[in-house]
Structure formats: structure tokens, C-alpha cells
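*Asks:* The structure's right below; bear with me while I get my questions together.
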Amino acid sequence: MSKALQDQLIKTISEKISKDCYIKKASLKEIIKLMFNQKTYFSNFEYLNNGTYALILRAQNTKENRIVALKFLTCSNKEDKNGIESLKKEYEMLQKFSQSDFLVNVYDCFYLMEEDVQQDKDGNEKIILTKEKSYFVLEMELCQQNLKELFDFFRNKQLPSKEIKEIIAIQMLEGLNNLHVKNIMHRDIKPHNFLVQASQTYGFTIKICDLAFASSVTKSKSHYISKKGTDAYFAPEVEIGQSRIQSDLFSLGLVLLELDNLKVLNENWIDFNIKAEIHQGKAIASKYQIDRNSNIYKIAKICLKLNYLERNTSGDLLSELIKLHGKPLKFTLTSMILEEQIPQQAQLIFNNIKKIQKNEQTQFDEQAQMLLDDTDQQIKKKDIYQQFTKVEILSKLLKNLYEDKKYVNNFQILSFGSYGMVLSTKKVNLKNKEIVLKIQKIANEQQIQNEIRIMQQLKTPLVVQLYDNYVIEKVTSPEKYVVFELEKCSCSLQDYLERQAKEGEFSDEEKLNIALQIIDSVNYIHCFNIIHRDIKPDNFLVSLDGNKLQIKLCDFGLSAQLGKNCEQINILDMVGNWIYMAPEILTKNDNENKIYSKKSDSYAVGLLLSLVDNYLILKENLAITFINMAQKKYDEPFKNINIKRDTEIFKFIKLLVVWKRVNRASLSIIVESNSKKFKSNQNDMKQIISQHYLGPIQNFETVNIGPAAPLQTQGQIPIQDIKQKICIQYENPNIRYNQHFKFKRKFE
């Protein structure tokens, strides 16, 4: 495009940009220049809309042959070098929602880099890209209008019917629930942030957009103190600096009231007095003659509860409104599985997800595919053996879970591991309490029985709780799967450490609190003569309740319970994560016995404490540092390694990261000498231990699984007869292997 045409384009667009937008004519000129230089496959730019910090242009992507909306974002504070980077990270995280029909599809995102002019050796000028990021750009599907504009159309032309209003409300709730089931809050729900796309069902589809303020509420905190969004739609708790996931529902309640009463409520109906009476719990729009008997009002009334804890979840509200609506939906939900939609919407689900023939998949295959498509690629990659990411396997498991009617039928895949899959759901007979289902293929029945028996003994908040367990075999024959119903936590310790390190909010006091709980939880299982044998950050979960943080030990699949007179297990195989293995395990040759004991757990705990106290220092070379230290006999832990040595945690590290096992402190000694700090040394805890201690059992031949079945521990098997598969895991920031294989050494 010639410079004259570029200037005309800039003039045309700049005249339409509102005065409150940070992107002025000079910035627009830079955007157009950078786009023509760096993204040559975009053309035919037209103005669509703008916000305070964003500009949206219509454009043609000639490479993909599609008309799109390009959203240009700039940081409001040019001094904040990380501001624009954080925008990209948030949107990359939210790209996983592109499978939903009720969230705006994000095709791509990229930076426009600042440019410089240099001369080559012949004196010719050439444009080069610098390392400085100028704008962040989202390439999204094109929608022609937003919900505010649709409301205006209804007011001016013809008011919508009761059915149409309820369909709009259901679609808004479905879009929001897609975010909430993944613990993402939007933080700026208002009519402007729902777009309207033409469709062949009801004539429209409502899609959530503008996720610039969206935040996770489970990785590190349950609420945010910053006030982001639009003041008129703030929930009461947001006004006092506590943005929560339930705050979205309050904002949605205000949008639903306007939708349901377009003739009575104009676009500026939320004034100071309206907000005051709702925020004080006195009334809802008392000066207006609104419909207080409609289905939408019943939902909005729950959304506008003064106490955020009294607002139902978006999923519960969605289910309730669908029941009140009372008619089959002409679209498919992706945020939950509804029984009535399986027979009625099978073909539509099939068309939306796989675009293949109806007879190629069963109804549950379609549900399984939908669940997999809605799962982040990074999570799916963890299923290295493809045990659960195959539709035919997952659909059989879902069928069993669905038909048992034990759960609210809203499943979400949280993770895959070497041995199993983790789903979140709600259990009906626990008053719809959120739980986690760990589903694992049974390769070794004795090992599963051992894990169940161990978890049945552990009944305190120091350990993730087992609610129930059962076997799935009828629908999956000849394969068998065990299902563990477990307590749901917020995230793993590994995720928590990474998040806290990025946010820079990790104080020495918080680290010490975590360290004490790690020691406490492992010492607690040692009181039962249980050795964990796989201590690592991923096997501690973090439970966040407001500002209260709890650390819980989990995953006892490799654990063993010793006899009362037994102090160790000697076997040829290596078990667990070898980054955290003690020297008496890691330094042994293939033909030498490896020694597993409480003190080998203690060594791993010491390494984990060092990571907690020095995460940014150790994380990049974690594997090399820990393995080299275990292989080389030393008299001082972390010698010549620049870690913190003046903290309370380092006092524990010096006692635990000791090369000679005989000189290494046991966790019980540490706990007993600091009795006020540790729960596992208190009298009431000792009473719990005495009540629940089962000890290893004697019946070696038992193979049946179940909560009442006798189980077996490896502590009772003659050492020379143990032929056990080895689970060895290597983890660093660049490489991750999870394999079953005979361990070969040596390390160079």
C-alpha cells in the first residue's frame, strides 16, 4: 500500500477512535506501519471498536483466507516492562477455551516489535526488528455487534420473547461456566463484553470476549486485591478489594436483570442508589417495575446475593435455568454433560467436535472427545502411554461414571500422569462437595491394595484424604481400573512454587510455614511405619482457603509399610524420582541392594526444603545439582553452591541432607525437639495414630481389591523374591521422561 493510502487509512480510523482510548493517532500510525512491515498477510483494515487500552480492527487474513478481528493491546504504564508480557501469558492460557461456541475464538496471538533502521556494509538502509515489544495483537473470530448493541436493537425495534431472553441467559451462563470450571474469573462481565454472532439455531450465539483482566483463582490465591473491571458492575466484595470467582456472578446478575426488563431498564439504570440498595442487601431495583416472577429473575436474585458464599456456582445456575426453561436446547453445552442432551444432541455434538460420520462414534465417544478437546495440550502430553487420551478408553470410563449416578455430571480433566488420569467433579452424597477422581489402570493389584490400605490409615489434614475407592471392570473388560475418590486441593506444590516465584510474593515466613508442614506430613506417615519413597514437589498438594495455606502429602502408589521390627527395605530396583534419591539408593550398582528407609525419605525432604527456600537459585539446574551431590561423598550439604544459609529452613537442611545415613537426622527427632511447631507430635495426633494404625498384614495371597479386603505390604515379602517394576522420573525445565525401565547407571 502506498504512503498516501496508508495516511488516508490512518485518518479514517483515527476519526472513529474515542477520546478515552490510549491508542491515539500517533500510535495508530505506528501500528499500521508495523503491520505492513511484519504481518504482510493482513489487509483491508477497517475500524470496529475500541476500549481504554485496546483498538479492534476488521482485517482479512489472506494466508488463512478468513475475515477476522484484530485486537491491539498496549500497556497503560510504559514504565512497566512486564505489563505487555503479562497480557500475552494470560491470552495464551485462555486459548484453550477456543473449543467452546460461547467464548470468542482466538486464532492466534503475536507481538509487533519495535523497529530500527541500520545501514548495511554498502551504505543501504534496512529495517531491523529490535527486542522491544511494542504491541500485543490477538487474531479473533469476527462478530459484528456486542450484547449492548443487541439490547439497543430490541428496545428500538421489538422486545424479545420469554424464550429468546432465556436462551440468551443460558448462553451467557454457559460461556462463563467454561471459564469457571477451569478456575478462571473474568473480572469484567458487562453487556459490552458479550459479542453476538449470527447462527442457524436461534439466529444468534452469545460469546464472552475481552479476557484482558481474567485471572486464575487456584494457582496461588483465592482472591485478588486489585479492582479491575467496570465500576457499575462491581460486586460488594470487589469494592473492598476482594475480587473472587463469585464476583463474576454478581456482575452477570445485573446484566440478566437488564436483559429481562429491557423496556423498563435503560442502559444507564445502574446508578448510585441502585448499587447502594443491592450492596446493602436491602432490595433489587426497588424503584423500577421489573418482572420479579420470571425464571431469569430467580437466577439473577441468586447472583445478587450480598454474601458471595451464598451465590451458587455458574454450573449450578446454568443447570437450574435449563430446568426452568423446560425446552430442549438447539445447541450443545461444552462446560458440562447433561443427561438430556446425550440422546437429543448426539449428532450436533458430533458435528461440532469431530466433523465425521455419526456411526463412527457412540454418544459417550462424543462426550469423551469433547472433554479431550477442552483439555489443554500441555496436560494431554503428560499421558505418555496414551492410556486415557484415546476416545474409546475415556468414553467407557465416562459411561461408567455417568451411569453410577454418584456424581454431578460435570467432569473436568485436571491432569494425566504415568499411571492415571485425574478428574474433578462433585459427589452427590457429600452434598455436592468438590472432589477429585484419580483413575488408574490396574497393572499390579497388590500394589493398589497396598496404596488403599495405607491411605485408609491416614486421617488428618496433613495428608490428602481418601473418601472411597472402587473398581471399574464391566464396561472396560478385560482391563480393570481403580477409582480413588480424593480430597480436592488448589494445586501442586510445584505449581505453587513456580507461581509464587513469578509473582514475587514469597516471604521467608511463608517458606518456613511450608517447610514445617512438609516435615510434619512426612513424619506423620513415618509414625505408621510408612515410607513414602517418592518425595518430590508434585506429591505435595496445596490447599488454599482465603489466606490460610495447607500442605498435604499425596500419591502413595510407591509407598511401603514396614513391620514393627523392620527399619528398612533392601531391593535391587530403584523406586521413585531419582532427582530426590538418597545416596544409599542412587550410588548403588545394578547388582547391589538399594536401601529404603525413613531416613531415605528424610534426605528427600531435605532436598525439597532447599528447593522451597532457594527456588529461583536451584530450579534451572535442579537435577544436576541434586544428583551430583548425592554421588559425591561430602561433609557439608550444598558446598560451593550459593544457597541461603542464614534461614531457619537451612537449619533443617543441615540435619537432613547428610551423605552418611547413620549421621542423618530422622524427622521424628526434629519434630520432637520442636514440639510446639508440629501437629504430628501433639497428644491428640498421637491418639489418632493409635486409633487408625493397622500395620502390615500377613496374607500374601490376597488379590481382591476393595475397602474391606485384606491388603498386603511389600514389608512382608522376602526381599529376594521382590520383582518390582521401577518408576523412574527425570524432570528438569527442558526435559521430562516418565518410563518403566531397568535403571542403568552411571552418571557422568
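The values are calculated or read from the model by the stated rules, or taken from the named source; none is laboratory data. Every value quoted in this text rests on a predicted model; they were computed, and no experiment measured them. Reconstructed Cβ throughout: ideal geometry from the backbone, glycine too, with neighbour counts over all protein chains shown.
*Asks:* Could you identify the single residue in 155, 187 that is basic (Lys, Arg), in contact (Cβ under 8 Å) with a residue 60 or more places away in the chain, part of a helix (DSSP H, G or I) and not assigned by TED's automatic domain parsing to the domain that holds residue 550?
*Replies:* Values: 187 fails: part of a helix (DSSP H, G or I).
The match here is 155.
*Asks:* Tell me whether the range 667-683 contains one or more residues that are modelled with pLDDT under 95, over 34 Å from the mean Cα position of the chain (by Cα) and farther than 26 Å from residue 607 by Cβ.
*Replies:* Scanning the range 667-683 turns up at least one residue that is modelled with pLDDT under 95, over 34 Å from the mean Cα position of the chain (by Cα) and farther than 26 Å from residue 607 by Cβ.
*Asks:* Limited to the range 541-567, what total is found for residues that are buried (at least 19 other Cβ atoms within 10 Å of the Cβ) and part of a strand (DSSP E or B)?
*Replies:* So the answer is 8.
*Asks:* Do you know which residues across the range 448-457 are surrounded by 16 or more Cβ atoms within 10 Å (Cβ to Cβ) and touching a Leu at 6+ places or on another chain (Cβ under 8 Å)? Steps first, answer last, please.
*Replies:* As a first pass, look at the range 448-457 and keep what is surrounded by 16 or more Cβ atoms within 10 Å (Cβ to Cβ): 448-455, 457.
Selection gives 449, 450, 452, 453, 455, 457.
*Asks:* Given the conditions (1) touching a residue at least 24 places away in the same chain (Cβ under 8 Å); (2) over 23 Å from residue 525 (Cβ atoms); (3) not acidic (Asp, Glu), and given that residue 448 satisfies all but one, which numbered condition is not satisfied?
*Replies:* Evaluating residue 448 over (1) touching a residue at least 24 places away in the same chain (Cβ under 8 Å); (2) over 23 Å from residue 525 (Cβ atoms); (3) not acidic (Asp, Glu) leaves (2) as the failure.
*Asks:* OK, next. Exactly one of (1) among the aliphatic types (A, V, I, L, M); (2) farther than 24 Å from residue 507 by Cα; (3) part of a helix (DSSP H, G or I) is unmet by residue 658. Its number?
*Replies:* Residue 658 satisfies all of (1) among the aliphatic types (A, V, I, L, M); (2) farther than 24 Å from residue 507 by Cα; (3) part of a helix (DSSP H, G or I) except (3).
*Asks:* Can you name the residue in the range 220-266 that is among the hydroxyl-bearing types (Ser, Thr, Tyr) and buried (at least 18 other Cβ atoms within 10 Å of the Cβ) and, of all such residues, is nearest to residue 497 (Cα to Cα)? Spell out how you get there, then give the answer.
*Replies:* Keep residues of the range 220-266 that are among the hydroxyl-bearing types (Ser, Thr, Tyr), which gives 220, 222, 224, 226, 230, 233, 243, 247, 251.
Cutting the leftovers down to buried (at least 18 other Cβ atoms within 10 Å of the Cβ) gives us 220, 224, 233, 243, 247, 251.
Values: 220: 9, 224: 18, 233: 34, 243: 22, 247: 27, 251: 32 Å.
Among them, the one singled out is 220.
*Asks:* If residue 503 meets every condition in (1) under 30 Å from residue 666 (Cβ atoms); (2) assigned by TED's automatic domain parsing to the domain that holds residue 578; (3) out of contact with any Phe, Trp or Tyr (no Cβ under 9 Å at 6 or more places or on another chain) apart from one, which number is that one?
*Replies:* With respect to (1) under 30 Å from residue 666 (Cβ atoms); (2) assigned by TED's automatic domain parsing to the domain that holds residue 578; (3) out of contact with any Phe, Trp or Tyr (no Cβ under 9 Å at 6 or more places or on another chain), residue 503 is out only on (1).
*Asks:* Here are 612, 575, 605: which of them is of a type in the set (A, V, I, L, M, F, W, C), touching a strand residue (DSSP E or B) at 6+ places or on another chain (Cβ under 7 Å) and outside the structural domain of residue 417 (by TED's automatic domain parsing)? Walk me through how you get there before you give the answer.
*Replies:* Values: 612 fails: touching a strand residue (DSSP E or B) at 6+ places or on another chain (Cβ under 7 Å); 605 fails: touching a strand residue (DSSP E or B) at 6+ places or on another chain (Cβ under 7 Å).
The unique qualifying residue is 575.
*Asks:* For the range 600-617, does any single residue satisfy the condition of being under 21 Å from residue 450 (Cα atoms) and at pLDDT 95 or above? Steps first, please.
*Replies:* First, pick out the residues of the range 600-617 that are under 21 Å from residue 450 (Cα atoms): 600-601.
Now narrow it down to the ones that are at pLDDT 95 or above: 600-601.
Yes, that holds for at least one residue.
*Asks:* Please go through the range 573-598 and give me each residue that is touching a residue at least 60 places away in the same chain (Cβ under 8 Å) and outside any helix (DSSP H, G or I), ordered by number.
*Replies:* 573, 574, 575, 576, 577, 582, 589, 590, 593, 595, 596, 597
Let's see how each residue does on (1) of a type in the set (S, T, N, Q); (2) farther than 22 Å from residue 318 by Cα; (3) at pLDDT 75 or above:
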position: 348; (1), (2), (3): no, no, no
position: 360; (1), (2), (3): no, yes, no
position: 364; (1), (2), (3): no, no, no
position: 386; (1), (2), (3): yes, yes, no
position: 390; (1), (2), (3): no, yes, no
position: 398; (1), (2), (3): no, no, yes
position: 401; (1), (2), (3): no, no, yes
position: 410; (1), (2), (3): yes, no, yes
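*Asks:* Among the residues in the range 241-249, are any over 22 Å from residue 204 (Cβ atoms), free of Cβ contacts under 8 Å to residues at least 40 places away in the same chain and assigned to a loop (DSSP other than H, G, I, E, B)?
*Replies:* Yes: the range 241-249 contains one or more residues that are over 22 Å from residue 204 (Cβ atoms), free of Cβ contacts under 8 Å to residues at least 40 places away in the same chain and assigned to a loop (DSSP other than H, G, I, E, B).
*Asks:* Out of the residues in the range 131-175 that are in contact with a Phe, Trp or Tyr (Cβ under 9 Å, 6 or more places away or on another chain) and among the polar types (S, T, N, Q), state the one that is surrounded by the most Cβ atoms within 10 Å (Cβ to Cβ).
*Replies:* Residue satisfying both the conditions and the ranking: 171.
*Asks:* Of everything in the range 537-552, what is touching a Phe, Trp or Tyr at 6+ places or on another chain (Cβ under 6 Å) and either free of Cβ contacts under 8 Å to residues at least 40 places away in the same chain or under 24 Å from residue 672 (Cα atoms) (or both)? Give them in sequence order. So that I can check it myself, show each step before the final result.
*Replies:* Applying the first criterion (touching a Phe, Trp or Tyr at 6+ places or on another chain (Cβ under 6 Å)) to the range 537-552 yields 542, 551.
Answer for the range 537-552, where residues must be touching a Phe, Trp or Tyr at 6+ places or on another chain (Cβ under 6 Å) and either free of Cβ contacts under 8 Å to residues at least 40 places away in the same chain or under 24 Å from residue 672 (Cα atoms) (or both): just 551.
*Asks:* Take residue 495 and decide whether it is acidic (Asp, Glu), assigned to a helix (DSSP H, G or I), over 26 Å from the mean Cα position of the chain (by Cα) and crowded, with 16+ Cβ neighbours inside 10 Å.
*Replies:* No, not satisfied.
*Asks:* Go through the residues of the range 561-572 one by one and say whether even a single one is modelled with pLDDT of 90 or more and basic (Lys, Arg).
*Replies:* Within the range 561-572, none of the residues are modelled with pLDDT of 90 or more and basic (Lys, Arg).
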